[in-house]
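Take a look at the structure set out below.
The values are calculated or read from the model by the stated rules, or taken from the named source; none is laboratory data. Note that the structure is predicted; figures quoted are calculated from it, not measured. Cβ: placed from backbone, ideal geometry, glycine included. Neighbour counts: every protein chain shown.
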Amino acid sequence: MNDIIKHYETAKKKAIKFMKKGQINAYFDALIEMNHYKKLMIAVQSN
């Protein structure tokens with residue numbers, strides 16, 4: 001679970017960085033990556 005949280009936080013930092021730079025496509029990719037790790041966290045937590 002800790003690894004998933006670390007990956008989620010890294011993706012979140014990348015998303016914020018891309019948003020500030022105005023790189024919309026990279027920002028959306030980072031948001032998709034965040035969503036992936038969030039789903040994994042929910043799946044692990046529910047089991």
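Residues that are over 12 Å from the mean Cα position of the chain (by Cα) and assigned to a helix (DSSP H, G or I) were ranked within the range 1-17; the one that is surrounded by the fewest Cβ atoms within 10 Å (Cβ to Cβ) is 2. Of all residues in the range 18-47, those that are more than 25 Å from residue 1 (Cβ to Cβ) and part of a helix (DSSP H, G or I) total 9. The C-beta contact set for the range 36-47 (first residue on the phi > 0 side of the Ramachandran plot and surrounded by 14 or more Cβ atoms within 10 Å (Cβ to Cβ), second residue of a type outside the set (Val, Ile, Thr) and in a helix (DSSP H, G or I), distance under 9 angstrom, 6+ apart or interchain) is empty. Applying a threshold of 7 Å to beta carbon distances and a minimum spacing of six or more residues, or different chains, the list of pairs starting in the range 18-33 at a residue that is on the phi < 0 side of the Ramachandran plot and ending at one that is hydroxyl-bearing (Ser, Thr, Tyr) and modelled with pLDDT of 95 or more reads 18/27; 19/27.
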